[in-house]
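Asks: Can you read through this structure? Questions will come right after.
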Amino acid sequence: MPWKRLIYPLIVVAMLGGMAFAMVTTALQQSPTIDEPVYVATAEVLTQQHSLRYNPEHPPLGKLVMAVGLAFDDAKLDPAYPGTQTALGRHLLYETGNNPFRLMLLARVPIIVLTLLFGLVVLGFARDLAGRWAGLVALALYAFSPDVIAHGSLATLDVPAAGLLLTTFWMLWRSRLRPRLYLPLAGLALGAALATRMSALPAVPVVLVLALLSPFLIGKPGAWWRNLGWRIVGALGVGVIAVAVVWVVYLAVDPRMRWTTPANLPHPGGLKGLAVDLLPLPKAYRDGILIQFKFEARSFNGFLLGRAYRGSPWYYLPVALLIKTPLGMLALWVAGTITMLVKPALRIATLYLLLPASVLMLVAMTGSRDYGTRYVIFMPIFLAVVAGTVMLIRLRFAWAGVAALTAFVAVSSMLTFPYYLPYSNEAFGGTSKTHLNLHDANVDWGQDLARLGIRLRDKYPNETVWLVYKGSGVPGYYGIQGKNPLGVPIDDVHGLLVVSDSRVALAKGRLKQLIDSSTEIDNVGYSMRIYRR
């Protein structure tokens, strides 16, 4: 009957609509996170001044997407501003008369739209592999993923890059049947991913090898060498298109390619330096990679399972992912992986999902910055498709188990609304306990300054506030007149002591003394502690 045909699209619309509601609500309530002001200010410089001088460690495309939303506001920005990119972000949002709430929302909306569109990619890929019900399971896991909702509602680059990579591998999968159509589309998607975030680079060899699996492009099957030759042509074509996309993005920003290498930028030399030098990409892009190498050569503070440390243990990201992924989702990831390995018809598909996810995960685990699962946001995106394949399990009542686990994910996700950034699953105490196991972008990325201002006005009016805040926001703008407790004798600190959870996690010396001698009375957004002293 005609009405039955509407059930499927209505379910898709409902899931994406619920996801959109969650992301827009989050975007409206959260103050700028640490990285967002840099990206938003850089977006304005890219479009107003056509200059690549700010934030070169990240390519321009994601910031140009943000600029689409920013075009609806005539933001003021001093073209001669001499500060760093961090200072530039603060200048744009708080020092030029712009409305930071409006600017941030306008920059976040295009990323929200992209995130929703990638949900359709998840749906389509899973449907291709295992049918229409597999598509719905995959979409449900994607739409209810706390990490995807959290980072898909921010003006950052992590979800756009991951979504474009999934699109790349979906196009490669489809190219096995229609290479002339889908190989060029795979090249476009790969180029867009590379032009969004340099973390996409490790996927390039995987993409080019998989492009060789597409059948010959022209004519009928012939000798093995002729078939192989056309496969090589197809793979090279994907690479050429991807490189061309990156060049087009940079030329769109500045057709004259005015770029000066930053002073004192170290060159690693050896094979790593040679590989960068040989990349057929703009000089600004290659220097951006060198800036990333400079970051990775440093040692940073970390916090995991209640322990503060210096450095980067190899197991950080797997453990953080275990903490921040809903339990039902973890179970379906495992079940989907087993299904793909056991089902002969799906084994080839592991090359398009499990292989790239594994390569990207292993590369990310070598990083030096233990700041959050955002560095592996591709995992809930790729593995949502993998999990959808469980619908091919023919065991009795298997569908009931899948439905129950999916519902468990949905309930766990909805219970944390609208605090998606600090989410952790029930095995680790839930969202309220995340700060005991993780820090930084896993729980406290400076997102709750506006909420803190409201809480202090409503619940603690006229009280003295001492503030230790980690973030990019300006407390005074939100009505928070917080004093610095670290610059006065401990005995002079009386009233409310407010500390960001990332500062609590790494507290030592005077700050640890202040916290230990105070009584916790409240928290804001599960990311900031309020103590009475």
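Asks: Among (1) 1.01; (2) 1.19; (3) 1.07, find the value of Cα Rg over 2.2 N^0.38 Å that was calculated from the structure presented, and write down its label.
Replies: Answer by label: (1).
Asks: Which of the trypsin sites (Lys or Arg not before Pro) found in segment 285-344 are in a DSSP loop and have at most 15 neighbouring Cβ atoms, other than their own, within 10 Å?
Replies: ARG298
Asks: Hey, which aspartates and glutamates would be in cross-link range of LYS272, C-alpha to C-alpha under 20 Å, not counting anything within fewer than 8 residues on its own chain?
Replies: The qualifying aspartates and glutamates are GLU57, ASP287, GLU296.
Asks: Moving to a separate point now. Among 498-506, 482-490, how do they line up by average Cβ neighbours within 10 Å per residue, starting with the highest?
Replies: Per-residue Cβ counts within 10 Å, averaged per peptide and sorted highest first, yield 498-506, 482-490.
Asks: Further question on the same structure: Test of understanding: ordering PHE408, PHE21 by Cβ neighbours within 10 Å, fewest first, what list do you get?
Replies: The order, fewest Cβ neighbours first, is PHE21, PHE408.
Asks: Now, a different point. Which order do the peptides 195-203, 428-436 come out in when sorted by mean C-beta neighbours inside 10 angstrom, highest first?
Replies: 195-203, 428-436
Asks: Sequence-distant or interchain residues sharing an amide H contact under 5 Å with TRP466, placed H: which?
Replies: Under 5 Å from the amide H of TRP466: LYS483, LEU496, LEU497, VAL498.
Asks: Quick one: angle between helix 85-94 and the longest Cα principal axis of the chain, in degrees between 0 and 90, rounded to 10, please.
Replies: 70 degrees
Asks: A further question follows. Out of residues 5 or more away from GLU520 or on other chains, whose amide H comes under 5 Å of its own, with H placed 1.01 Å from N in the peptide plane?
Replies: ARG532
Asks: Additional query: Label points 7 Å out from Cα along the Cβ direction at THR25 and ASP491: separation in nm?
Replies: With each label placed 7 Å out from Cα toward Cβ, I get 4.9 nm.
Asks: Putting +1 on Lys and Arg Cβ atoms and -1 on Asp and Glu Cβ atoms, find which of ASN462, VAL493, GLN447 reaches farthest to the positive end of the dipole of segment 443-532.
Replies: Looking along the dipole axis, the top candidate is GLN447.
Asks: Please report, in whole Å, how far the alpha carbons of segment 443-532 spread along each principal axis, starting with the longest.
Replies: Reported extents, whole Å, longest axis first: 28, 28, 22.
Asks: Test of understanding: express the Cα radius of gyration of segment 163-296 as a ratio to 2.2 N^0.38 Å, with N the residue count.
Replies: 1.18
Asks: Once phi is turned into θ = phi - 60°, what whole-Hz ³J(HN,Hα) does the Karplus curve with 6.51, -1.76 and 1.60 give for every residue of segment 376-390, x standing for Gly and Pro?
Replies: 10, 5, 5, 5, x, 7, 5, 6, 4, 5, 4, 4, x, 5, 4
Asks: Also: Consider a paramagnetic label point 7 Å from the Cα of LEU322 along Cα→Cβ; state which residues of segment 329-367 have an amide N under 14 Å from it.
Replies: Under cut-off, by backbone N: 330-331.
Asks: Give the peptides 401-407, 162-168 in descending order of average Cβ contacts within 10 Å, highest first.
Replies: My ranking of the peptides, most packed first, is 162-168, 401-407.
Asks: Now for a different question. Against the longest principal axis of the chain, how steep is helix 61-70, in degrees 0 to 90 to the nearest 10, with axes from Cα atoms?
Replies: 60 degrees
Asks: Helix 224-253 against the longest principal axis of the chain: what's the angle in degrees, Cα atoms only, rounded to the nearest 10?
Replies: 30 degrees
Asks: State the antiparallel share, in %, of DSSP beta bridges confined to the chain, rounding to the nearest 5.
Replies: 70 percent
Asks: Let me know the Kirkwood hydrodynamic radius for segment 59-167, please, with Cα pairs as the basis and the value in Å to one decimal.
Replies: It works out to 15.5 Å.
Asks: Under the 0.36 nm per residue contour assumption, what length would be gained going from the current alpha-carbon distance of VAL334 and LEU362 to full extension?
Replies: Values: separation 28, 0.36 × 28 = 10.08 nm, distance 1.79 nm.
So the chain would gain 8.3 nm between VAL334 and LEU362.
Asks: Could you derive backbone 3J(HN,Hα) for segment 411-428 from the dihedral phi with the Karplus parameters 6.51, -1.76 and 1.60 (θ = phi - 60°), listing whole Hz in sequence and x where the residue is Gly or Pro?
Replies: Rounded to whole hertz, the list is 5, 4, 5, 5, 5, 8, 3, x, 9, 7, 4, x, 4, 9, 7, 5, 5, 10.
Asks: Another question, then. If you plug each phi of segment 328-345 into the Karplus form 6.51 cos²θ - 1.76 cosθ + 1.60 with θ = phi - 60°, what whole-Hz ³J(HN,Hα) values come out, in order, with x for Gly and Pro?
Replies: Result, ordered by residue: x, 5, 4, 4, 6, 4, 5, 4, x, 4, 4, 4, 5, 7, 7, 6, x, 5 Hz.
Asks: Here is a further query. Nearest 20 debye, what's the magnitude of the dipole of segment 443-532 about its Cα centre given +1 on Lys and Arg Cβ and -1 on Asp and Glu Cβ?
Replies: The calculation lands at about 140 debye.
Asks: Helix-derived [θ] at 222 nm for the chain: sum -39500 (n - 2.57) over DSSP H runs of at least 4, divide by residue count, nearest 500?
Replies: -18000 deg cm²/dmol
Asks: Do the alpha carbons of any pairs in LYS470/LYS512; LYS483/LYS512; LYS433/LYS508; LYS294/LYS324 sit beyond 19 Å of each other, and which pairs? Could the numbers behind the result be given before it?
Replies: Details: LYS470/LYS512 16 Å; LYS483/LYS512 17 Å; LYS433/LYS508 21 Å; LYS294/LYS324 29 Å.
With Cα atoms farther than 19 Å apart: LYS433/LYS508; LYS294/LYS324.
Asks: For the chain, what is the charge dipole size about the Cα centre, in debye to the nearest 20, if Lys and Arg each add +1 at the Cβ and Asp and Glu each add -1 at the Cβ? Kindly include the intermediate steps, with their values, before the conclusion.
Replies: On the way: 48 positive and 28 negative charges, 323 e Å.
For this selection, approximately 1540 debye.
Every number in this text was worked out from the coordinates using simple rules, so none of it is lab data. Just so it is clear, the structure is predicted and the values come from calculations on it, not from any experiment. Please note: Cβ atoms are built from the backbone with ideal geometry, for glycine as well, and neighbour counts cover all protein chains shown.
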